[in-house]
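Step one of this worksheet: look at the structure below.
The values are calculated or read from the model by the stated rules, or taken from the named source; none is laboratory data. Remember, it's a predicted structure, so these values are computed and weren't measured experimentally. Here the Cβ positions follow ideal geometry from the backbone for every residue, glycine too, while neighbour counts run over all protein chains shown.
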Amino acid sequence: MNPAQLLQKWLELRLPADARAWLAEAATKLRNGSDTDLYRSVSLVTRKIGKTDLALAPNEREQAGASREGWDPSDWSLDQAARIYLLLVSGTDGATFLRRLEQLCDTADIGELVAFYRGLPLYPDQPRYVLRAAEGIRTSMKAVFEAVAHRNPYPAEQLAEPAWNQMVLKSLFIGSTLHPIVGLDRRANPELARMLCDYAHERWSAGRPISPELWRCVGPYARGEMLRDLGRVLEKGTDPERTAAALALASSPDPEATGLLWAYPELCRAVNENKVSWQTLANPA
Amino acid sequence: MRFIDPHIHMSARTTDDYERMATAGIVALIEPAFWLGQPRTQVGSYIDYMSSLVGWERFRAAQFGIHHYCTIGLNSKEANNAALAEQVLEILPRYLVKEGVVAVGEIGYDDQTPVEDKYYRAQLALAKEFDMLVQVHTPHRDKKSGTIRSMEVAIEMGVKPEHVVIDHNNEETVQDVLDRGFWAAFTIYPNTKMGNERMVEIARKYGSNRMFIDSSADWGVSDPLAVPKTARLMLDRGIPASDVEALCYGNALKAFGQSGQMKEEHWLSPAPVDQRMLFEGNSVLRGQTPRVGEQPPIAERMDSVAFK
């Protein structure tokens, strides 16, 4: 099944009869519908369908990933699923889809923006939405930013390196998290490592805390001064920061990194025996 | 005591105001679509303004633990630019059914010109089409007859009185509004319109049935704490607490709650999805418990700036 069919099935299983009937009627109308029909149906969704969690079962999550690689709607809500479903069934070519999406974003409320950005990996003709995704990253509304950045395969697939690096740095800047970013390790690069270390220095100068996750994208490209930064964290950091520095050093191919880590046998053992990982760091038991 | 300010133009206010309002116990507010102090010349300005009412401003309010709702409409002053008004009317349907839009508003009369009348009626028709409430701005000049006319036209257009809030009332208009079965709102403005001393006397005379108060604070001289301050004064002057609660919280909720878009549970027991949307996210990396949707504790707000 394609994503639209999956969304339809999941919604039908969860919605009460009246909401189901409304959605079916709206979808039928949209198959050859006007722009206005689409705008009105998409906005009406919260009033007709509500905002409870979609709450997918494990097998449904697997279906999502099988139907579109990397698609993870595990934390979607019903209104988001219904809005994306309606967009998809309005089934047009990429150019019309983009034009309508831009119109919708121009007059969107917060909930709609979150839904539209979460839907990015499902839209036709994927490269068309790069500027829209970059716009989402520029937002000052954290929930909107995270709709692009978190559990969304689109940025890693489509963003050029400068936009990608901005997204990662901004996550830290606005107090968001890195571990839900899809492709975080795959897209790590030397320029990002440099930007993150500069950012760490700024925070140190200001006497402000640093997210331990920062070091995850530094590790693979750490050398010279960056290794000394990691050494400083190992020596003086909080426990989660020291764990993060150890994980980062372990991911570096540089022999100097291995040497630094060896000075801390306990951390070294925890990393080697997989007792700590970026996941355990993000979600302490 | 908790408060609702059912008419306040937050786009014109600072974060200091939000902070003081939250501290004073305001849990929710309604921002009516209004003009900006000078007339807009392009429909695009309306689009950006209305998008900010359902987007950025809602997010901004949420950061202070205040629930932001709005009303959407073409105000009476700008209705007088007929060419522009026509374009605005075309885009209104795109906003009316957005989440958290509680009414068509604020609409009504300013100079009571024929063009104002035309667009007031057109928007009453939209309210009927979309099954929505109406928030009416009554004129500052020739107030009494303008207020009566607003109500008569609403009835003529087939809108039910219990679905209409008549705002900016005073001693001269309140009886007519209550007699016709409409909701009567009072704006507490420093210096103009209703001062809070006058409101105390109105509460003494009319009680609290179908009445509530607001600040209408905007970019002019106005007080975003007008509701809690007036509540304090009413309590000090011996108005029963149940009436004060109704005038400053309960009745606004009853009136605008009819929209289905504004519910007490939004601030008493926020749904997890709302918290994800609007409040600090679930960043868990520093070893703390996940903070999902933390709001300033309501009990603490009692002991507020307005009450000291």
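Are any residues in the stretch A:144-175 surrounded by fewer than 21 Cβ atoms within 10 Å (Cβ to Cβ), under 13 Å from the mean Cα position of the chain (by Cα) and either small (G, A, S) or part of a loop (DSSP other than H, G, I, E, B) (or both), and if so, which ones?
Correct list: A:R151, A:P153, A:A156, A:L159.
Which of the helices (runs of 4 or more DSSP H) contained wholly in the stretch A:31-134 include at least 1 residues that are within 10 Å of chain B (Cβ to nearest Cβ) and of a type outside the set (F, W, Y)? Before you say what the answer is, go through the steps one by one.
Numbers: elements: A:35-49, A:58-67, A:78-89, A:94-106, A:110-118.
Filter on the stretch A:31-134 gives A:35-49, A:78-89, A:94-106, A:110-118.
Identify, by number, the condition in (1) under 22 Å from A:F97 (Cα atoms); (2) buried (at least 20 other Cβ atoms within 10 Å of the Cβ); (3) away from chain B (no Cβ under 14 Å) that A:W10 doesn't meet.
Single failed check for A:W10: (1).
Quick check: is even one residue across the stretch B:52-62 outside any helix (DSSP H, G or I), surrounded by fewer than 24 Cβ atoms within 10 Å (Cβ to Cβ) and either within 16 Å of the chain's Cα centre (by Cα) or within 11 Å of chain A (Cβ to nearest Cβ) (or both)?
Applying the first criterion (outside any helix (DSSP H, G or I)) to the stretch B:52-62 yields B:55.
So of that shortlist, the ones also surrounded by fewer than 24 Cβ atoms within 10 Å (Cβ to Cβ) come out as B:55.
With the extra rule that they be either within 16 Å of the chain's Cα centre (by Cα) or within 11 Å of chain A (Cβ to nearest Cβ) (or both), the set shrinks to B:55.
Yes, that holds for at least one residue.
Looking at (1) surrounded by fewer than 22 Cβ atoms within 10 Å (Cβ to Cβ); (2) within 26 Å of B:I148 (Cα to Cα), which is the one condition that is false for B:E99?
Single failed check for B:E99: (2).
Output the residues belonging to the stretch B:68-90 that are in a loop (DSSP other than H, G, I, E, B) and either at pLDDT 95 or above or among the hydrophobic types (A, V, I, L, M, F, W, C) (or both). I'd like the intermediate steps shown before the answer.
Within the stretch B:68-90, the first condition is being in a loop (DSSP other than H, G, I, E, B), and the residues that meet it are B:73-75, B:80-81.
Within the stretch B:68-90, B:G73, B:L74, B:N75 qualify.
Filtering the stretch B:186-204 down to residues that are of a type in the set (K, R) and farther than 15 Å from B:H140 by Cβ, which residue is modelled with the highest pLDDT?
First, pick out the residues of the stretch B:186-204 that are of a type in the set (K, R): B:193, B:198, B:204.
If we keep only those that are farther than 15 Å from B:H140 by Cβ as well, we get B:198, B:204.
Details: B:R198: 90, B:R204: 95.
If we take residues in the stretch B:186-204 being of a type in the set (K, R) and farther than 15 Å from B:H140 by Cβ, then B:R204 is modelled with the highest pLDDT.
Which count do you get for residues in the stretch A:166-183 that are within 14 Å of chain B (Cβ to nearest Cβ) and of a type in the set (A, V, I, L, M, F, W, C)?
Matching residues across the stretch A:166-183 total 5.
I need every pair where a residue in the stretch B:200-214 that is in contact (Cβ under 8 Å) with a residue 60 or more places away in the chain has its Cβ under 7 Å from the Cβ of a residue that is of a type outside the set (S, T, Y) and assigned to a loop (DSSP other than H, G, I, E, B), sequence separation at least 6 or different chains.
Within 7 Å, the pairs are B:F212/B:P6; B:D214/B:P6; B:D214/B:H7; B:D214/B:I8.
Within the set of pairs 6+ apart or on separate chains, which have a first residue in the stretch A:92-110 that is at negative phi and aliphatic (A, V, I, L, M), a second that is at pLDDT below 95 and in a loop (DSSP other than H, G, I, E, B), and C-beta atoms under 8 Å apart?
Here the result reads A:A108/B:G55; A:I110/A:M141; A:I110/B:G55, each pair linking the stretch A:92-110 to a residue that is at pLDDT below 95 and in a loop (DSSP other than H, G, I, E, B).
Go through the residues of the stretch B:133-146 one by one and say whether even a single one is at pLDDT below 95, in contact with a helix residue (DSSP H, G or I) (Cβ under 7 Å, 6 or more places away or on another chain) and either away from chain A (no Cβ under 14 Å) or within 30 Å of B:I66 (Cβ to Cβ) (or both).
Yes, there is a match, as at least one residue in the stretch B:133-146 is at pLDDT below 95, in contact with a helix residue (DSSP H, G or I) (Cβ under 7 Å, 6 or more places away or on another chain) and either away from chain A (no Cβ under 14 Å) or within 30 Å of B:I66 (Cβ to Cβ) (or both).
Failed condition for A:P212, given (1) over 25 Å from the mean Cα position of the chain (by Cα); (2) more than 16 Å from A:N165 (Cβ to Cβ), with all others met?
Against the list (1) over 25 Å from the mean Cα position of the chain (by Cα); (2) more than 16 Å from A:N165 (Cβ to Cβ), A:P212 comes up short only on (1).
Quick check on my filter: what residues within the stretch B:107-146 are within 15 Å of B:N80 (Cα to Cα) and of a type in the set (D, E)?
B:D110, B:D111, B:E116, B:D117
Would you check if A:A55 is surrounded by 22 or more Cβ atoms within 10 Å (Cβ to Cβ), over 24 Å from B:H68 (Cα atoms) and either aliphatic (A, V, I, L, M) or modelled with pLDDT under 95 (or both)? Show your work before the answer.
Numbers: surrounded by 22 or more Cβ atoms within 10 Å (Cβ to Cβ): no; over 24 Å from B:H68 (Cα atoms): yes; either aliphatic (A, V, I, L, M) or modelled with pLDDT under 95 (or both): yes.
Here the answer is no, as A:A55 does not meet what is asked.
Looking at the structure I just gave you, is A:L122 over 18 Å from the mean Cα position of the chain (by Cα), at pLDDT 95 or above and either in the same structural domain as A:L13 (by TED's automatic domain parsing) or not charged (D, E, K, R) (or both)?
Details: over 18 Å from the mean Cα position of the chain (by Cα): no; at pLDDT 95 or above: yes; either in the same structural domain as A:L13 (by TED's automatic domain parsing) or not charged (D, E, K, R) (or both): yes.
Spelling it out, it is not the case that A:L122 is over 18 Å from the mean Cα position of the chain (by Cα), at pLDDT 95 or above and either in the same structural domain as A:L13 (by TED's automatic domain parsing) or not charged (D, E, K, R) (or both).
Which residue, of B:G44, B:G37, B:G105, B:G65, is outside any strand (DSSP E or B) and crowded, with 21+ Cβ neighbours inside 10 Å?
Working: B:G44 fails: crowded, with 21+ Cβ neighbours inside 10 Å; B:G37 fails: crowded, with 21+ Cβ neighbours inside 10 Å; B:G105 fails: outside any strand (DSSP E or B).
Just one listed residue meets the conditions, B:G65.
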